[in-house]
Structures are given as C-alpha cells and as structure tokens.
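S.K.: Right, I'll just put the structure down here and ask away after.
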Amino acid sequence: GPSGRSALVLHAFHLLVAEAPYDAQVILDMLESSARDHLLWGRTLIVLVQTDDPHYECPSIGGRTANWNPREWPAANRGL
C-alpha cells in the first residue's frame, strides 16, 4: 500500500514443515530476500511465522538465524 509497510503471517507453519520441509525452507528464504529488498527501497515487510511445534528449529534463513520471540524463548514457556 501507500505506507510502504506490510506484514505477512504464516499460521500453522508446522503443517507445511511436516509435509514438505524443503519447500518450507525455500519459502522462508524467498520471504527473507523479499524483506531485504523492501528495505532497499525504504519499505518494510515483516514476516511472522507461527508454529505449534515447541521443538521447531528453524534453519538459517538468508544466512541468518531466526529466533523465538522473547516470551517463548525459554523452553519452559514452550511446554518443554
């Protein structure tokens, strides 16, 4: 839109990871690249990935690691 700010939410991402882990990784890589391109043009793209899998470990995305949000970082807060 005209604000140049966008957000994309991927809900239940664990379902895609279970069915097609390689494709899930490719999608995250493409979204990371798009978010970086947005920054080059003064726009913002935020991608939030929701999973119900407390053991989910996201591989590097665009050469960077992705982290749990601070409230869910401790294993105890994820039911582990």
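The values are calculated or read from the model by the stated rules, or taken from the named source; none is laboratory data. Keep in mind that what you see is a predicted model, and the values were worked out from it rather than measured. Using ideal geometry, Cβ is built from the backbone for each residue, glycine included, and neighbour counts are taken over all protein chains shown. Side chains included, ligands, DNA and RNA excluded: accessible areas come from the protein's heavy atoms. Shrake-Rupley method; radii C 1.70, N 1.55, O 1.52, S 1.80 Å.
S.K.: Just want the answer: with Cβ charges of +1 for Lys and Arg and -1 for Asp and Glu, which residue in Ala66, Ala18, Leu40 is farthest toward the dipole's positive end in the stretch 1-68?
M.R.: Highest projection toward the positive end goes to Leu40.
S.K.: Averaging sequence separations of C-alpha pairs under 8 Å and six or more residues apart, then dividing by the length of the chain, give the relative contact order as a whole percent.
M.R.: Rounded, it is 36 percent for the chain.
S.K.: Taking Cα atoms, how many degrees apart are the long axis of helix 21-40 and the longest axis of the chain, rounded to 10 and kept between 0 and 90?
M.R.: Approximately 30 degrees, to the nearest ten.
S.K.: So what is the accessible area of the chain per residue, in Å², with the probe set to 1.4 Å? Show your work: numbers first, answer last.
M.R.: Working: 5980 Å² over 80 residues.
Accessible area per residue, the chain: 75 Å².
S.K.: As a test of the formula, what do you get for the chain when each DSSP H run with n ≥ 4 contributes -39,500 (n - 2.57) and the sum is divided by the residue count, at 222 nm and rounded to the nearest 500 deg cm²/dmol?
M.R.: Only helices count here, giving -11000 deg cm²/dmol.
S.K.: With a cut-off of at most 12 other beta carbons within 10 Å, and DSSP calling the residue loop, which chymotrypsin sites (Phe, Trp or Tyr not before Pro) in the stretch 1-68 qualify? Please list them.
M.R.: Qualifying residues, ordered by number: Trp41.
S.K.: Could I ask something else about it? So for Arg43, Arg5, what's the accessible-area order with a 1.4 Å probe, most first?
M.R.: If we order Arg43, Arg5 from most to least accessible, we get Arg5, Arg43.
S.K.: Determine the distance separating the Cα centre of the stretch 40-57 from the Cα centre of the stretch 1-27; give it in Å without decimals.
M.R.: 7
S.K.: Leaving out ligands, DNA and RNA, what percent of the accessible area of the chain is carbon and sulfur, probe 1.4 Å?
M.R.: Of all accessible area on the chain, carbon and sulfur atoms account for 59 percent.
S.K.: Scan around Val47 for amide H atoms under 5 Å from its own, H built in the peptide plane at 1.01 Å from N, and keep only partners 5 or more places away or cross-chain.
M.R.: Leu8
S.K.: Test of the criteria: in the chain, which GluC sites (Glu not before Pro) are in a DSSP loop and have at most 11 other Cβ atoms within 10 angstrom of their Cβ?
M.R.: Sparse-neighbourhood loop GluC sites (Glu not before Pro): Glu57.
S.K.: Ok, one more. Placing one identical point scatterer on every Cα of the chain and ignoring solvent, what is log10 I(q)/I(0) from the Debye formula at q = 0.15, 0.16 Å⁻¹?
M.R.: Computed log10 I(q)/I(0) values: -0.60, -0.68.
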